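Here is the structure we will look at, set down as structure tokens.
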Amino acid sequence: MAYITPAELAERPGAREIAQVASLPHQMVRDDALMDATLRGLERNSWPPEECAAADIALQRVRDAIAEAGALIDGYLVQRGYALPLVLSPTSTGKSVLTAWARAIVRYLLNQNRITDARTDPVARDYQDALKMLGLLAQGKYSLGAGDPEAAVSAASGATDVRFAAATPTFGRGQLTSFR
């Protein structure tokens, strides 16, 4: 399932970064407005066909990264027991959390040829943070917030019900009645 759309990537990190990392080296998309229009699905009649073709190739690489990120996220969600495809309302906190994680994963996948130190690179750091949080979600130590379908199932099944059991007391009221 796609947890992020190309139009959302046009908002953040933006068409310029997407054009730089998703374009092929010999077919760079140089016009940020063209990449923005391509990501948002807008009219591109004012650009030459060869530039539009390069933008289409970049868009296909973005879609491939989105599909790969969705498969990775689904792998973690299945470990927790979520029914896929996961359907969340657009205003739920879970949707925004999954979108943020998908954005970090897509950016990392598109930037994989970048040579940098993983400790100081914000793209690599966001990717590692997303994987860490997905791991916590799979272990049940993190929730998607209000509207989390798995949390609703746990609450309905009585997973928070606490019961105590103990052995019969040695010196209880029943045993001490003969001493009165």
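The values are calculated or read from the model by the stated rules, or taken from the named source; none is laboratory data. On a predicted model such as this, the values are computed, not experimentally measured, just so you know. We place every Cβ from the backbone using ideal geometry, glycine too, and count neighbours over all the protein chains shown. All accessible areas refer to the heavy atoms of the entire protein, side chains included, with ligands and DNA or RNA removed. Shrake-Rupley method; radii C 1.70, N 1.55, O 1.52, S 1.80 Å.
List of remarks:
- Subset of segment 56-88 that is open to solvent by less than 10 Å² (accessible area, probe 1.4 Å) and of a type in the set (V, I, T) - its residue that is farthest from D32 (Cα to Cα): I73
- When we screen L9, L39 for residues that are free of Cβ contacts under 8 Å to residues at least 40 places away in the same chain and assigned to a helix (DSSP H, G or I), the only hit is L39.
- Number of the exception - S46 against (1) surrounded by 17 or more Cβ atoms within 10 Å (Cβ to Cβ); (2) assigned to a loop (DSSP other than H, G, I, E, B); (3) not charged (D, E, K, R): (1)
- Single residue of segment 89-112 satisfying the filter (without any contact (Cβ under 8 Å) to a residue 60 or more places away in the chain and not in a helix (DSSP H, G or I)) that is surrounded by the fewest Cβ atoms within 10 Å (Cβ to Cβ): P90
- Scope segment 26-36; condition open to solvent by less than 40 Å² (accessible area, probe 1.4 Å) and either without any contact (Cβ under 8 Å) to a residue 12 or more places away in the chain or assigned to a loop (DSSP other than H, G, I, E, B) (or both); matching residues: V29
- Residues being farther than 18 Å from L136 by Cβ and among the hydroxyl-bearing types (S, T, Y) - total across segment 82-99: 3
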